[in-house]
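One structure is given below, encoded as C-alpha cells.
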Amino acid sequence: MTFKKKILEHLLSAFLITSLLGTLLYFTIEKKNIEKIQSNEKIESYLGLSFIDFENPFDRALLLDVLNAYEPDQTSEHETLIRTIEQYRKSSLIAGMEEAYRKEPLSSKKWQQLSLMYAKFILIYMFVMLLTYYGVQTFGILRFVRRQQNQKSHLLCFLQQLFSAPKFSRIKDYLKYYLQAILHLIKAVIIASSYFVLFAPAYVIAYSLKTQLNTDTIFFMITLAVISNGLLITYTNKFYTFLVAESRKGYVQTAIVKNLNTSYKQTDKSGISYASVFSFRKHFPMHVFQHIFLNARYQYLQTIKEQASFLISGLIIIEMALNIQGHFSYELLKQLLYKNYDIVIVIILGIFYMVKLTEIFTDWLTHKKSLKYENIEPVCAK
Amino acid sequence: MNNLFKKIERRSASIYSQKDKFWLIVWFGILSLTLIWNILFLNKPALDLVIEGFLNTLYISALVVILSFILGWIIGLFVARFETSRFQILYFVLTFILNIIRSIPQIIGILLGYMGITYLITANILHNHWLIMTTMALIISLFIFNEVIDLIRERVNHFRKLDFYNAMKVCGISENRIINFDILWKNSRIHILNKLIAIFGSAIFLQCTIDFIISVGLSTQVSSVSLPTTLGSLLAKIDSKQDILAIGNTLMNPSYFSHIFFEHLQGVTVAFLIVFTLLAVYKISNGFAERNRL
C-alpha cells in the first residue's frame, strides 16, 4: 500500500469513528434530556401546585379531602396517591443527592477538565515513548555486544566456578576465587529480580511500593510505564532479534573484508564504547556494527506502531488500576461506573485520535526512511 | 553409577540448550513447588481459591488461544484470498475494519466488552460460570486475533513471491489448498504455534489486568459476586493487597522477609503466579523461536 493510500485510510477510519461516536454522543445527550422530562408526569403535576406545601401534614390532608369530595367513590385510590407522592418526594430527594454527586453533564467546565487531563496524558505518553525508544535500543545493543563477546550467563559462571575449583596453595587465592563466584551469583540474582520487575504488571509493583513511596506522582507513573507490563523487555528482545538477524547477512562479511572494525570489546579503541552505546544519537564510526544497527533500527521503526498501542494500553492500565485521580483513564473508569456515557464517548474518542496520530506519524517516518534506505515503498503487514 | 551421572549430565545439557523445553520444565517445577508450599502453609479456603483462580485463568487464556487461532485463520484466509481476487472492494472493507479494531487499545475494548458481560449477568441472561468464562475469552480474543491475521498475511505474501506458488497454480491446484495446506500447514505451522504461545502470554496479562481493574475500580455487586474467580480478581481482594504491601515493607525492614512466605502467602502466591507465568511463557516463546530459527 502506498503512503498516500495509507494516510487516506487513516483519515477515513478517523472520520468514520468520529461520525459513529458523534452520533452515539448526540443520542446519549438527547436520552439524558428526555429522561429528565419523562419522570412521573402525573405526580409532577400535583407537586407543581404552588398553593400546597407537601411538607405540611395539614396541606396533605386538605388535598386528600378535596380529592375525596371531588371523586367520593375513589377514596382508597386517593390515599394511595398521597402516599405515592410522599414516597416519590423522598426518593427523588435521595436520587437528586446521589445524582448531584454522580451525574455530570458534558458542560464547558467538564470539557476544560478533560482537555487538561488529555494534554497531561499525551505529555506522559510522549515522554514514555521517547524513554522506551532509547531504552529498547540501548539494552538491545548491550545484549548483542555481550553475545558477540561470547559472555556466558552469570549463573553458569557461578556453577562452573563452584564445581570446577582448582587447587590453590594459599587461602587468599581461595577467598579471591570464591568471592568472584559469589559476585557472579549476586549478579545472577539481580538479573533474575530485574526480570521479575520487567514482567510484573504495573499494579503489582505499584501496590508493593505503595506504603514506601508516593505512587500518585507523574514521575512514578512514567517510571512504572517504562519498566513494567513487559513493554521494555519485549521490544528490547525484538530489537535484539533484528540485530542478530542483520549480523548474519552477507553485507557484514563484505564490510569485514573491506577492513571495517569488528572488535566488540569495550576496552579496545576500535571497539564499541559504552559512551556510544548509551548516547541518545547512537553512532559507531568505522565499525561494522554501525550498519547492522542502522538496518536493525529501520526494521524496528516499523514495529513502533505496535509498541505505541502497547504503551497506551499500559498507561491506561496504570491510571485505572492505581486509581490515580485527575488522570484521563481514571476518569474513563469513573464515568463508566457513574454511567455518564457521553463523557465516556469523548474520552474514548480522544484515545482513538492519539492512536491514529501515532499510526500516521509512524507511517510517515517509515516512508521517509524507506525512501532513504530502499528507494522503494516498504512492504508492511498491515 | 558414573555412566548414569554422565547420562543425566548429557540429558540436562541437551535440555538446557533447548530453552523452550527447559523453561517448560522450570515452569511446571516451580508451580509444583509453589503448590506444595501452599498446601503446607496456606489455609484450606484460601488455597482452594488460589487453585480455582489459577485454573480459571489458564482455562480462559487457553480458550483465547483457540478462538484467536480459529478467527485469525478464517479471516486471514478471506483477506489473503480477496487481496488478489477481483473483489478488491471486499479486501479494502475487511482490512479497514481490522485496522479500526487495531486502533482501539486492547484494554479499552476488553473493558467495554466486560461491561457488556456484567449487563448480561444482571439481566440474568448469562449465569452459567463456564459460559461467562467463554464469553470473557471471546471478548479478549476479538482484540488479539489481529496478530494471527498479520502472521498469516505475512506468510502468504512471502510465499506468493516464490516460484512454487505460481507453479502450483499452473498445475491446477486450487488456491485454497495452496494457502491452507502448502503454505500455512506445511511451511508455517511452527510460526503459527510460536505466535499462539505469545498470545497465551498476552491473554494471561490482559485477563488478569482487566479482572483487577474491574474488581478495584468497578467493584459493583455483579463484578464482585458473579464473575468467576481469576488471578486478577484474587489479587484485587483486600487481603491479597495487604499481602502485596508487605513485600514493599520488607524493602525498608528486611527482617520481615521471612514472614511474607508464611503470613502473607495468599497475595504473594497470586502475584508470583502471574509474574512467573508471564516470564515463563515469554521464555518458552523465545526459546521455541530460537530452536526453530524463526
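Of the residues A:76, A:229, A:58, the one whose Cα sits farthest toward the positive end of the charge dipole of the protein assembly as shown, with +1 on the Cβ of Lys and Arg and -1 on the Cβ of Asp and Glu, is A:229.
How many angstrom lie between the C-alpha centres of region A:188-262 and region B:128-147? Result: 30 Å between the Cα centres. Angle, helix A:288-301 long axis vs. longest principal axis of chain A, Cα atoms, 0 to 90°, nearest 10? Around 20 degrees separate the two axes. Kirkwood radius, region B:117-181, all distinct C-alpha pairs, inverse of mean reciprocal distance: 15.1 Å.
Start at zero, step by 10 Å, and the Cα-Cα distances of chain B spread as 6, 22, 26, 23, 14, 7, 2, 0 percent across the bins. Label point of residue A:115 set 7 angstrom out along Cα-Cβ; within region A:334-357, amide nitrogens under 19 Å from it belong to A:343-354. Placing dummy labels 7 Å off each Cα toward the beta-carbon, the span from residue B:13 to residue A:182 is 3.0 nm.
Each 20 Å bin, from zero up to the one with the longest distance, holds this percent of the alpha carbon pairs of the protein assembly as shown: 14, 43, 30, 9, 3, 0.
Using the alpha carbons alone, the radius of gyration of region B:1-91 stands to its Kirkwood radius in an Rg to Rh ratio of 1.28. Given the DSSP H assignment, sum -39500 (n - 2.57) over each helix run of at least 4 residues in chain A and divide by its residue total; what's the result at 222 nm in deg cm²/dmol, nearest 500? Here the helix-only value at 222 nm equals -25500 deg cm²/dmol. Between residue A:274 and residue A:212, the simple spin-label model (points 7 angstrom out along Cα→Cβ) gives 2.5 nm. Considering every alpha-carbon pair of region A:40-97, the percent of pairs per 10 Å bin, from zero through the bin containing the longest distance, is 22, 56, 19, 3. Volume per residue for chain A equals 236 cubic angstrom (convex hull of Cα atoms).
In terms of the mean number of neighbouring beta-carbon atoms within 10 Å, the peptides A:168-177, A:55-64, B:95-104, B:20-29 order highest first as B:95-104, B:20-29, A:55-64, A:168-177. Computed from Cα atoms, the angle from the helix B:238-252 axis to the main principal axis of chain B rounds to 80 degrees.
The calculated FRET efficiency for residue B:78 paired with residue A:62, based on their beta-carbon distance and R0 = 51 Å, is about 0.10. Angle of helix B:265-291 to the longest C-alpha principal axis of chain B, folded into 0 to 90 degrees and rounded to 10: 30°. Note on region B:28-74 and region B:75-124: Cα centroid distance 28 Å, given to the nearest whole angstrom. Helical runs assigned H by DSSP (4 residues or longer) give chain B a calculated mean residue ellipticity at 222 nm of -27000 deg cm²/dmol, each run adding -39500 (n - 2.57) before division by the residue total.
If you model region A:114-201 as an ellipsoid using its alpha carbon gyration tensor, with each semi-axis the square root of five times an eigenvalue, the axes come out at 43, 14, 10 Å, biggest first.
Computed from the coordinates by the stated procedures, all read-outs in this text should not be read as laboratory data. From a predicted model like this one, the values you see are computed outputs, not experimental measurements. Using ideal geometry, Cβ is built from the backbone for each residue, glycine included, and neighbour counts are taken over all protein chains shown.
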